Every structure is written in C-alpha cells, then in structure tokens.
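K.L.:
This structure is in structure tokens; I'll ask about it shortly.
The values are calculated or read from the model by the stated rules, or taken from the named source; none is laboratory data. Every value quoted in this text rests on a predicted model; they were computed, and no experiment measured them. Here Cβ is always computed from backbone atoms with ideal geometry, including for glycine, and neighbour counts include all displayed protein chains. Just so you know, the surface numbers come from the protein's heavy atoms only, side chains and all, with ligands and any DNA or RNA stripped out. Shrake-Rupley method; radii C 1.70, N 1.55, O 1.52, S 1.80 Å.
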Amino acid sequence: MSQSRVHLWLMAPALLLMLLILIIPIFAALGLSFTNYSLGNSGANFVGLQNYEQIFTRTTYQKMFGATIRYVFVVVPITVGLGLGAALLIKSLTRFGDLYKTIYFLPVMAALIAMAIVWEFAFHPTIGIINSTLEQGCGTVLENWGWYANGCERTFPLWLTDRNYAIWTVAFIGIWQGFGFNMVLYLAGLTSIPKELYSAAEMDGAKSSWERFRLVTWPMLGPTTVFVVTISFIRSFQVFDMVEAFYPQGGGPSKSVYVMMFALYEKGIQQNLMGIGAAITVVFLVFVMLLTIVQRWLVDKRTHYV
Amino acid sequence: MSNFDTSQRIFRFSSSEAIKHVILIFGALIVLLPFYVMLSYSLKAPAEIMQNTGGFFGTQEPFRDDYCIKLGNAVADCMVTPWIYNYQTAFEKAPLLRYLLNGILVTFSIFFIQVVIALPCAYALAKLRFWGRETVFALVLFCLLIPVHAIALPLYIMLAKLGLTNSYAALVIPWTISVFGIFLMRQFFMTIPDDLIDAARMDGMSEYSIIWNVMLPSAIPALMAFAIFSVVAHWNDYFWPRIVITGNRDLFTPPLGLREFKGDADGDNFGPMMATAVVIVTPLLVAFALAQKRFIDGITLSGMK
C-alpha cells in the first residue's frame, strides 16, 4: 500500500458536498428554528423556544400532527399488509405471477403528481368514475348497507372535499401507490427462505399453511419486515405531492389534510416564515432519525440469533 | 385409482389457485383503474368526459373547437378529432417538449454528477487502507438517514443567498451527492478481488484510471441499478422543483408543467391535461416494460441496506 494521500483526493469532493448539502443544513435548520428569520431580511431576532412552543400548542399544528399521524398510521400498516399478502399470493401461484408483479409495481414507477390528478378525476363527485359506478349499484342488494342506501338517497361522498373523507381518500391513494414497492421487497425476502425449513416444519407437524407461515415464513421475514416498515414510515411521513395538487391552499377541508411536508412548504416557502419552517424541519428530522435508530436496533438485536 | 388421485389433486389445486387469481385480478383492476381513466380521457372529447359516455376510446366524432372559432376561423375549419385535439393541445398550449427536455437534462446531469462524485469515494472506502476510513464510512451511514426533502428549507435559503433559485443549478445541486450511491458502490467494490487492482497498479495505472478503467466496467450491474433508482426518483420528483422554480416556465420539469396545466384547466382542458399526464408517465413505464427485472432490482436496491 502506497503512503500517498491519494485517498484524500478521491474522497474530498464527496466529503465536501456531504458537509455542504447534508450536514450544515441540519445545523442551519436547528439554528434558524430559534429565530424569526425571513428571507430578504438583513438579520433575525433570537426568539428562543417560541417557534417550538407554537408548534406544540397552536391548533393549526395540532391539525398538522393529527393529519400526519392519521395518514402515516393508516398507510404504513395497510401498505405493509397488502405488500406481504400480494407477495405470498404471487409466490404461491404456478402461473402468471410475474404479470401481477408487473401490474402492482406500475404505480411505483408512475409520477405521483400525474396519478394524483387522475385520481382527483376519478373521485370527482359528479363526473368521476367512482361515484358514477357506485350509483349503478343503487336499487340492488347493496342498498341493504346503510351507508350505501344513504348515498343513493342523497349523494355519495364528495371524497376529497369532504372533511370526513379527505384524509382517508388521500391515504387510499398513498396505499395504491406504495404497496407494490413493499411487495417486491417481500418477494425478495421470500426467495431467500431455504426450502428445507418448510420440509422440516412439516415433519414437526406443521400441516396447515397457516402453521407453516407462523413457524417459518413470518420469523424468517423478520429483517425484511423491519426494513419494509421503516421505509414505509419514512416515505409516508414525506407525503406532499398529492396534498399540494389537491389543496394548493390551506391543506384541505378544515385543514384535515395539513400534513407536515405541506406545512413546511407553506410556512417556509409560501409565507417566508423560515423560523417556524425550520422548527418543523427539526421535529420532522427527529421523527425520522428515531425511527431509523429503532430499526437499526431491531436489526442488530436479530443478527445475534443468526 | 392413481388416476383418480391425480385428477382430484389437480382439481383441488386449481380451485385454490382460482381463488388466488380472483383476489389478484380484483387488486389488479383497482391498480389499473387510474391508468385506464388517464388513457381513456386523453382520447375522448370534452362532452364525452363530462357525461361519461363513449366507452374507452370515445366515438372519435369531430367536435367544434370553440377557441379556434374565437380566433375568427370558419366553423368547418374548426372541427377537430378528439384524440388528435387532446395531444396536439398538450404540446401546443404549454411548451411540453421543453419540459420533457428539461426533465431529461436535469435527470441525466444529476446521475452523471452523482457517479463522478460517488465512485472515487466508494473506491477509496472499499479498496484503500488509510487512517480514518471507519470514521468516514460511519459518516456515510449517518448521512443515509437524512431525507434531502426534509432539509429543503436551509438548502433553499443557501441557494437563494447565492442567487441560484430559478436555475438548472438549483434543480441539480442538492442531488449531486448521493450517499446511497457511495454506500451501494462501496458494497459492490468490496466484492471485486484485490488482485485485479494490484495487477493494474503493476501496469503503472494511476488510481484514477483504475477507478474509471478497471472498477467502473466491472461494476456495470450495480451502476445500472443505481441509474434506474436515481432516474426514477428525479424524473418523478415534484417537491424540490416546486420549491426552487417559481414562475419561470422555461425551467419547468415535466411534473411542474403538468401541475401548471391543472392550475388553469377548465372543462375543455381535461382531455389535453390527461394527454400531458400520459406523455409524462409513459417514458418510465415503457422503459420499465422493456427491462422489468433490472427496474425492480434497481428500485428495491435500497433493500440491500
């Protein structure tokens, strides 16, 4: 090994950019979050914890946390569950598995902003395909269902503009977009399970497929699940495109879809309240880092067994 | 007897298989619904969209383009076929072609710079022994935790202070460093035998030419996967362009162009807007259809962490 300093030259550009683009902004955000800085002002005043106090007391931000938590805690379990379910079903097929895989993966590839606009059409109260399909079910057995009868009598939900439905409709689109990604991660995880384990489990008396799943598949997928859950959390915390496309101002009916990334954009970019925006950034980063640390910890704990 | 057994087995087997197919087909229909709506609306006339008639393709009966008449043309000259009208308007009403070129330029610049920056660093971390290597690698692992979108505000302030907002540079700069790229390529370089590098050194190659002439060619599979990961992420990105590009249409990327279209869409523009969406979504979907396995590997690469 030569004693040269060539490694410094090789790493210098990357290290410099890491510092400038990733590390310094974190500290900048931390610093700014204690000020009332606005872009264009020559200076800023130190305001202490005032920004954080606002975030944790004002109703606007309570709505922000409410919307984000609702979205995240609906989207993460369902995308993980559907991803696993689809992977198990596809894996057990003898034919056409690849076709389903391709179809379910399409939404991951398509620009979310474009698909969000299409969904907005589909959910349109009068000309949308969803409500017009629902209307065709009127007068059939479906009317025995109270919700459905109600929809036929008056109108079906306005979906994206109804504050009782908006966040769930947005979450539905998030699920539609994200579960295919989890599916392929699970398919990769399933492929790596040794076949002998299933024969061994069968010999030990695991006859039903549920038993085999409980005794072999699920434990063996542990590391995959930890990763899938973490990445789903991080992705869904960052939901923005749909919210901005549907509700360019204000975050939806009664701010019911006022998610964190949108709040960050509205406060920081649109209203130039950088201090508050920076405080939201810090809270957001703390969430994400905590999640990842928990993930790493879980993974490390597991690797002791293997 | 044995014959009976097999037929029984095949029957049982295929009935459970059939249930699985029913579930999966139901899922596939929901997944494909918006793609169907998008494609169908991009072909149909405004009236057909509003009244939900005409099936998938619409009747394709010529309709009167009111805007054309407003410009003082004769009615006979203003009859247009719906699908042609939609796609033509998509390209003419907004500079969609320009947006697409911007998208290509930005996505490929990002990827190119990411590789130029990340590869040497990955090589040093994988194949050179020096004091502090573990520390640098720990820093890389830490930086993997930072979602760049989350630190958009300080980055935006930095770019604004440098007078760089509303420029191509603003679209590219935050993405020039891909910690994930460094991590990925380092993992891949670790698997390349040291003998190969030692032989190259014996031949008198410099470390730089080893990186570009020895390591790079042997890392093509990993690089392809990273390329797909990077291109998909930045072609589809909406958040960052939305922040740094304000107003200047010449710099719009495809997602921004589509969003702008939505902003001023009235009833007549649904068709052209859907046509724009089709044009923006299609390149990646076609590429995906052609190289499925590579795409899925590329996108799920992050699973290798």
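K.L.:
Which condition does residue B:225 not pass, out of (1) modelled with pLDDT under 90; (2) away from chain A (no Cβ under 12 Å); (3) more than 16 Å from the chain's Cα centre (by Cα), if it passes all the others?
P.N.:
Here residue B:225 meets the rest and fails (3).
K.L.:
Of all helices (runs of 4 or more DSSP H) completely enclosed by region B:165-261, which ones contain at least 3 residues that are open to solvent by 40 Å² or more (accessible area, probe 1.4 Å), of a type outside the set (A, V, I, L, M) and free of Cβ contacts under 8 Å to residues at least 24 places away in the same chain?
P.N.:
Values: elements: B:168-172, B:179-190, B:194-202, B:207-210, B:220-236, B:239-244.
Of the helices (runs of 4 or more DSSP H) lying wholly inside region B:165-261, those with at least 3 residues that are open to solvent by 40 Å² or more (accessible area, probe 1.4 Å), of a type outside the set (A, V, I, L, M) and free of Cβ contacts under 8 Å to residues at least 24 places away in the same chain span B:194-202.
K.L.:
Can I ask one more? Here is a check on your reading of the model: is residue B:160 free of Cβ contacts under 8 Å to residues at least 12 places away in the same chain, in contact with a Leu (Cβ under 7 Å, 6 or more places away or on another chain), surrounded by fewer than 20 Cβ atoms within 10 Å (Cβ to Cβ) and within 10 Å of chain A (Cβ to nearest Cβ)? Before you say what the answer is, go through the steps one by one.
P.N.:
Values: free of Cβ contacts under 8 Å to residues at least 12 places away in the same chain: yes; in contact with a Leu (Cβ under 7 Å, 6 or more places away or on another chain): yes; surrounded by fewer than 20 Cβ atoms within 10 Å (Cβ to Cβ): yes; within 10 Å of chain A (Cβ to nearest Cβ): yes.
Here the answer is yes, as residue B:160 does meet what is asked.
K.L.:
Something else now. Return yes or no: is residue B:120 at the interface with chain A (Cβ under 9 Å from one of its Cβ atoms), in contact (Cβ under 8 Å) with a residue 60 or more places away in the chain, open to solvent by less than 30 Å² (accessible area, probe 1.4 Å) and not hydroxyl-bearing (Ser, Thr, Tyr)?
P.N.:
On the way: at the interface with chain A (Cβ under 9 Å from one of its Cβ atoms): yes; in contact (Cβ under 8 Å) with a residue 60 or more places away in the chain: yes; open to solvent by less than 30 Å² (accessible area, probe 1.4 Å): yes; not hydroxyl-bearing (Ser, Thr, Tyr): yes.
When the stated conditions are applied, residue B:120 passes them.
K.L.:
Then there's this: Pick out the one residue from B:53, B:107 that is of a type in the set (S, T, N, Q), open to solvent by 10 Å² or more (accessible area, probe 1.4 Å) and either in a helix (DSSP H, G or I) or without any contact (Cβ under 8 Å) to a residue 60 or more places away in the chain (or both). Before you say what the answer is, go through the steps one by one.
P.N.:
On the way: B:107 fails: open to solvent by 10 Å² or more (accessible area, probe 1.4 Å).
Selected residue: B:53, the only one of B:53, B:107 that is of a type in the set (S, T, N, Q), open to solvent by 10 Å² or more (accessible area, probe 1.4 Å) and either in a helix (DSSP H, G or I) or without any contact (Cβ under 8 Å) to a residue 60 or more places away in the chain (or both).
K.L.:
Every residue in region A:99-126 that is facing chain B (nearest Cβ under 8 Å) and either on the phi > 0 side of the Ramachandran plot or open to solvent by 20 Å² or more (accessible area, probe 1.4 Å) (or both), please. Let's see the steps before the verdict.
P.N.:
If we filter region A:99-126 for residues that are facing chain B (nearest Cβ under 8 Å), which is where we start, we get A:100-115, A:117-119, A:121-122.
Those that are facing chain B (nearest Cβ under 8 Å) and either on the phi > 0 side of the Ramachandran plot or open to solvent by 20 Å² or more (accessible area, probe 1.4 Å) (or both): A:101, A:102, A:103, A:106, A:112.
K.L.:
Moving on to the next point. Of the residues A:168, A:210, only one is more than 14 Å from chain B (Cβ to nearest Cβ) and of a type outside the set (A, V, I, L, M); which? Even if it seems obvious, please write down each step before you answer.
P.N.:
Numbers: A:210 fails: more than 14 Å from chain B (Cβ to nearest Cβ).
Exactly one of A:168, A:210 is more than 14 Å from chain B (Cβ to nearest Cβ) and of a type outside the set (A, V, I, L, M), namely A:168.
K.L.:
Note down all Cβ pairs under 7 Å where the first residue falls in region A:192-217 and is over 19 Å from residue A:84 (Cα atoms), the second is part of a helix (DSSP H, G or I) and open to solvent by less than 50 Å² (accessible area, probe 1.4 Å), and they're at least six residues apart or on different chains.
P.N.:
Close Cβ pairs (under 7 Å, with a partner that is part of a helix (DSSP H, G or I) and open to solvent by less than 50 Å² (accessible area, probe 1.4 Å)) amount to A:197/A:216; A:201/A:216.
K.L.:
Here is a check on your reading of the model: is residue B:23 touching a Cys at 6+ places or on another chain (Cβ under 9 Å) and surrounded by fewer than 19 Cβ atoms within 10 Å (Cβ to Cβ)? Lay out the reasoning, then the answer.
P.N.:
Working: touching a Cys at 6+ places or on another chain (Cβ under 9 Å): no; surrounded by fewer than 19 Cβ atoms within 10 Å (Cβ to Cβ): yes.
In short, no.
K.L.:
If we keep just the residues of region A:25-50 that are open to solvent by 70 Å² or more (accessible area, probe 1.4 Å) and closer than 19 Å to residue B:165 by Cβ, which is nearest to the other protein chains (Cβ to nearest Cβ)? Even if it seems obvious, please write down each step before you answer.
P.N.:
From region A:25-50, those open to solvent by 70 Å² or more (accessible area, probe 1.4 Å) are A:27, A:30, A:36, A:40-42, A:45-46, A:49-50; that's our starting set.
Then keep just the ones that are closer than 19 Å to residue B:165 by Cβ; that gives A:40-42.
Details: A:40: 9, A:41: 11, A:42: 12 Å.
In this case the residue turns out to be A:40.
K.L.:
Just wondering, is there one or more residues in region A:166-174 that are touching a Ser or Thr at 6+ places or on another chain (Cβ under 7 Å), farther than 19 Å from residue B:239 by Cβ, open to solvent by less than 10 Å² (accessible area, probe 1.4 Å) and not charged (D, E, K, R)?
P.N.:
First pass over region A:166-174, keeping only residues touching a Ser or Thr at 6+ places or on another chain (Cβ under 7 Å): A:166-167, A:174.
Next cut, farther than 19 Å from residue B:239 by Cβ only: A:166-167.
Among the residues that remain, those that are also open to solvent by less than 10 Å² (accessible area, probe 1.4 Å) are: A:166-167.
Now drop any that are not not charged (D, E, K, R), which leaves A:166-167.
Yes, because at least one residue in region A:166-174 is touching a Ser or Thr at 6+ places or on another chain (Cβ under 7 Å), farther than 19 Å from residue B:239 by Cβ, open to solvent by less than 10 Å² (accessible area, probe 1.4 Å) and not charged (D, E, K, R).
K.L.:
Residues that are modelled with pLDDT of 90 or more and touching a Pro at 6+ places or on another chain (Cβ under 8 Å): which helices (runs of 4 or more DSSP H) entirely in region A:1-71 hold 2 or more of them? Quick ask: steps written out before the conclusion?
P.N.:
Values: elements: A:6-17, A:24-32, A:50-57.
Counting at least 2 such residues, we get A:6-17, A:24-32.
K.L.:
Which residue, of A:127, A:78, is among the hydrophobic types (A, V, I, L, M, F, W, C) and at pLDDT below 95?
P.N.:
Just a single option satisfies the conditions, and that option is A:127.
K.L.:
Note down all Cβ pairs under 8 Å where the first residue falls in region B:13-34 and is more than 20 Å from residue A:123 (Cβ to Cβ) and more than 7 Å from every other protein chain (Cβ to nearest Cβ), the second is surrounded by 12 or more Cβ atoms within 10 Å (Cβ to Cβ) and of a type in the set (A, V, I, L, M), and they're at least six residues apart or on different chains.
P.N.:
B:21/A:93
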